[in-house]
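Undergrad: Dropping the structure in here first, questions after.
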Amino acid sequence: MGKLSAVILAGMLMVGCGGNPDGQGTALDEEPPSTAAATADAAGDSDLSKPRVASRYQGSIDRAWQAAVNGENPAGRCAALKGSTLLVFRGDDDEAKQGAREAVEACSVTVSARYFLTYIEEIIEGERTCRDLLTETAVNIGAMITTVGEESDAVRKARRARLLDAIAPQVREVCPELARAIL
């Protein structure tokens with residue numbers, strides 16, 4: 001791996017896994033909390049359930065999912081996951097590449113949708129506004145939707161469409177005046 005690739009990979013991992021303010025480890029060191037997330041998962045507030053992916057990526061998906069359920073933007077965690085897949089695409093193992101693609105798909109679409117659904121729940125509770133959601137989607141959807149390996153721009157656009165389809169009913173119900181702009 002070239003020096004530039006190593007620097008980029010290290011940067012992506014640091015962005016997604018920055019140390020905690022108290023200096024006690026990083027997001028990759030922590031076990032996902034099992035409090036409100038388990039309740040939210042079981043509550044059935046949406047048709048989304050935590051994705052299951054290849055075991056080498058499941059821990060990253062679990063941490064990103066937990067962040068999304070807690071109302072924290074999972075984009076950094078998904079970027080770290082994508083960074084961990086980069087070397088897979090330099091090899092010849094088609095099964096490993098498929099596992100990596102599925103993990104990136106899960107983080108880009110399902111985990112991101114869970115985050116926006118949690119965001120919408122916060123609008124309902126009066127903690128945020130529809131204008132906040134408009135800003136959040138405008139700023140973050142591009143960063144959340146990623147491709148890996150030799151995937152085309154069409155794959156990125158299809159992931160974006162699946163993410164927006166997953167949140168569209170709730171956006172239209174809760175923020176009808178801004179739904180068109182958000183979606």
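Undergrad: In whole percent, and with a 1.4 Å probe on the protein chains, what portion of the accessible area of the range 86-168 is carbon and sulfur?
TA: On the way: 1890 of 4040 Å².
Carbon with sulfur: 47 percent of the solvent-accessible area.
Undergrad: In bins 5 Å wide, starting from 0, what share of all Cα pairs of the range 57-144 does each bin hold, as a percent?
TA: 3, 15, 24, 20, 15, 10, 6, 4, 2, 1, 0
Undergrad: With a probe of 1.4 Å, find how much accessible area the range 37-175 has per residue, and write the answer as a whole number in Å². Spell out each step's value before the answer.
TA: Numbers: 6610 Å² over 139 residues.
Value returned for the range 37-175: 48 Å² of accessible area per residue.
Undergrad: Which of Ser152, Ile124, Ser108 sits closest to the plus end of the dipole of the range 76-183, meaning its Cα is farthest towards the positive end, when Lys and Arg get +1 and Asp and Glu get -1 on the C-beta?
TA: Result: Ser152.
Undergrad: How large is the Kirkwood hydrodynamic radius of the range 99-176, in angstrom, based on all distinct alpha carbon pairs?
TA: Details: mean 1/r = 0.0769 Å⁻¹.
Roughly 13.0 Å, rounded to one decimal.
The values are calculated or read from the model by the stated rules, or taken from the named source; none is laboratory data. Just so you know, these numbers come straight off a predicted model, no measurement behind them. Please note: Cβ atoms are built from the backbone with ideal geometry, for glycine as well, and neighbour counts cover all protein chains shown. When the accessible area is computed, the model is the full protein with side chains, heavy atoms only, and any ligands, DNA or RNA have been set aside. Shrake-Rupley method; radii C 1.70, N 1.55, O 1.52, S 1.80 Å.
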